[in-house]
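Where a number appears in this text, it was derived from the coordinates with a stated rule and is not lab data. No experiment lies behind these values; they were computed from the predicted model shown. Counting neighbours? That spans all protein chains shown, and the Cβs are built from the backbone with ideal geometry, glycine included.
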């Protein structure tokens, strides 16, 4: 059995809770999505849950986004880039609960357009 599958494979299914199954069993490994033979998404799963690095690319190969997940929840940093490669969006989540604690946005020229940090307490 391969440790990488195509999300468009007929044997891939997802339940209402977002768990991914391959041949009817919770899947562990990489899941890839292609557009015109170019990888546009690459996700890691453990026991049917997103767990590990998720990455996405624009169709020209430029990195579009990346984030870490722990058993289906965001964990640590999530980043998205504009098509020109400039950082567009950054979110920071707690590792334990996946709670959002900070968020930043930039325009295509690299200027901050908004930011938010959770207050302690």
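Rounded to the nearest angstrom and listed largest first, the equivalent-ellipsoid semi-axes of region 4-117 from its Cα gyration tensor are 28, 19, 8. Relative contact order for region 11-121: 13 percent, from Cα pairs under 8 Å spaced at least 6 residues apart, divided by residue count. Relative to the current alpha-carbon distance between residue 63 and residue 99, full extension at 0.36 nm per residue lengthens the span by 10.5 nm. Label positions at residue 79 and residue 107, each projected 7 Å from the Cα along the C-beta direction, are separated by 2.2 nm. Compared with the direct C-alpha span, the chain from residue 23 to residue 47 gains 7.3 nm at full extension, assuming 0.36 nm per residue. Taking the chain as a Gaussian network of alpha-carbon nodes connected by springs under 10 Å, the highest mean-square fluctuation of the residues 46, 31, 101 belongs to 101.
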